[in-house]
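The values are calculated or read from the model by the stated rules, or taken from the named source; none is laboratory data. Computed from a prediction, not measured in an experiment: that's the story for all the values here. Don't worry about glycine lacking a Cβ; one is built from the backbone with ideal geometry, like all the others, and counts go over all protein chains shown. Surface areas here come from the heavy atoms of the whole protein model, side chains and all, with no ligands, DNA or RNA. Shrake-Rupley method; radii C 1.70, N 1.55, O 1.52, S 1.80 Å.
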Amino acid sequence: MNKAEVDNYCESLPVLEIEVPEDKIEIDMMLRPTEPEDGVAQYWPFYEKCNPNELFGNMDFKFGGRGGKVIINLALDLSAIPGRDLEFALSTSRKLDGILALSPDFKHQFKTTAKRIDGRYTELKIVIKDKEKRPDNFKFLWLCECVDGGMHFVSGDPRAQIEPL
């Protein structure tokens, strides 16, 4: 899929909408990597751990102007790529493991930290805070790498956003 196809596909899927309470909300999600087709990265299904049949195309976090925090515990589901040794890529001390930020000021509200499970970085803790209580488009790519070499850049969430209420 090219970028336009990924955007269109994401648009056709439900949006993960979260009304963020005053303190915090924590959710468990999965990301299922898929192989590139003809060298072109594909959309990686993103879903709730308890409901793998409902895929989400975008994320929308609604803060009520009173602070709050979203914690997403994200695990890799490697079932679609048997035999591949894949893990989240580590950043260089920017607190953005597993993603490549595409929008300005991304890190002021968004922090990701990879966690090692069975010797591989297959879990990601994502913390989102509305520190400045202003809209911010969080465009990013999921960033994973094969342990035996090679890197995958995959459209993460073309229109993720935070919206103060």
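Near residue 51, within a Cβ-to-Cβ distance under 14 Å, what is the net charge of the other residues, with Lys and Arg +1 and Asp and Glu -1?
Neighbour charge sum, excluding residue 51 itself: -2.
Given R₀ = 22 Å, FRET efficiency for residue 148-residue 90 by Cβ-Cβ distance, to 0.05?
Efficiency, from the Cβ-Cβ distance: 0.85.
For residue 4 and residue 27 in the same chain, what is the full-extension length gain: residue separation times 0.36 nm, less their Cα-Cα distance, in nm?
5.4 nm
Provide the net charge surrounding residue 147, with neighbours chosen by a C-beta distance below 13 Å and charges set as Lys +1, Arg +1, Asp -1, Glu -1.
Computed value for this residue: -2.
Work through the residues other than residue 80 whose Cβ is under 15 Å from its Cβ and net out their charges, Lys, Arg +1 and Asp, Glu -1.
-2
Can you give me the distance in nm between label points at residue 71 and residue 111, each placed 7 Å from the Cα along the Cα-to-Cβ direction?
Taking the two extended label points, one gets 1.2 nm.
Once the whole set of protein chains is in place, how much accessible area is left on residue 139, using a 1.4 Å probe, in Å² to the nearest 10?
90
Taking the DSSP beta bridges in region 1-85 as the whole, what percent of them are antiparallel, to the nearest 5?
Roughly 30 percent of the beta bridges in region 1-85 run antiparallel, per DSSP.
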